[in-house]
1. Stokes-Einstein at 37 °C, 0.692 mPa s, Kirkwood radius from Cα pairs: D for the chain in µm² s⁻¹?
2. Limiting things to C-alpha atoms, what are the Rg and the maximum Cα-Cα separation (Dmax) for segment 47-115, in angstroms?
3. Grab the Cα-Cα distance for ALA133 and LEU58, subtract it from 0.36 nm times how many residues apart they are, and report the gain in nm with one decimal.
4. Given only helices, namely DSSP H runs of n ≥ 4 each adding -39500 (n - 2.57), what is the per-residue ellipticity at 222 nm of the chain, to the nearest 500 deg cm²/dmol?
5. Each residue of segment 36-50 in order: what ³J(HN,Hα) in whole Hz does its phi give by Karplus 6.51 cos²θ - 1.76 cosθ + 1.60, θ = phi - 60°, with x for Gly and Pro?
6. Testing the spin-label approximation: label points 7 Å from Cα along Cα→Cβ at THR44 and VAL102. State their distance in nm.
7. Provide the per-residue ³J(HN,Hα) series for segment 13-22, in order, calculated from phi with Karplus coefficients 6.51, -1.76, 1.60 and θ = phi - 60°, each as a whole number of Hz, with x at glycine and proline positions.
8. For the chain, set up a Gaussian network in which alpha carbons nearer than 10 Å are linked by springs, and say which option among PRO66, PRO27, PRO119 fluctuates the most.
Amino acid sequence: KAGRVSMEKSGRLLGARQEMAIAAAGPLVNLACAGLGLFLYSCTGWYSAAVFCAVHTLFAAYNLLPVLGLDGGTLCLLACTLRMGEERAWRCMRLASWALVVCILAAGAFLILRGYANPTLLLVGVYLAAMQALKGGKDIL
């Protein structure tokens with residue numbers, strides 16, 4: 001199977017749709033937490049609730065990036081596997097992951113060169129590039 005998730009007790013591999021539900025759970029929890037933070041902020045005006053909302057929204061957005069090793073990459077890989085087969089889906093997702101990582105690195109480098117002092121985007125790109133390079137095979141999930 002594409003993501004190779006198996007049930008611990010039975011040892012059987014899950015289907016692609018079941019794996020997609022598992023991969024979607026993390027970002028959905030982040031979005032639920034963001035909604036809770038937004039609700040608390042609108043009711044109380046607490047600044048910390050707004051920060052909580054923003055942080056969880058960013059976590060969800062990051063985790064949904066279509067890069068292998070993140071939940072968004074897993075979701076894309078499984079969707080592609082259903083449409084084009086496992087081997088072709090892996091090739092496409094490896095290429096798409098690297099393309100997005102290169103764009104993130106380029107954007108981070110551009111911002112640094114333009115004088116923006118925050119290297120966060122560049123560091124995220126370096127982390128994702130290292131993840132792709134070190135785990136670049138089918139073991140990335």
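1. After rounding, the answer is 196 µm²/s.
2. My reading of the Cα-based Rg and Dmax gives 15.5, 48 Å.
3. On the way: separation 75, 0.36 × 75 = 27.00 nm, distance 2.44 nm.
Fully extending the segment from ALA133 to LEU58 adds 24.6 nm.
4. Calculated mean residue ellipticity at 222 nm is -25500 deg cm²/dmol.
5. Values, residue by residue: 5, x, 5, 4, 4, 5, 5, 7, 10, x, 5, 5, 5, 5, 5 Hz.
6. Simple spin-label model gives 4.7 nm for this pair.
7. Karplus-based 3J(HN,Hα) across segment 13-22 equals 6, 7, x, 4, 5, 5, 5, 5, 4, 5 Hz.
8. Taking springs between Cα atoms under 10 Å, the residue moving most is PRO119.
Quick note: the coordinates plus some simple rules give every number you see, no bench work behind them. If you're wondering where the values come from, they're calculated on a predicted model, not measured in any experiment. Methodologically, a virtual Cβ is constructed for each residue, glycine included, from the backbone with ideal geometry; neighbour enumeration extends over all protein chains shown.
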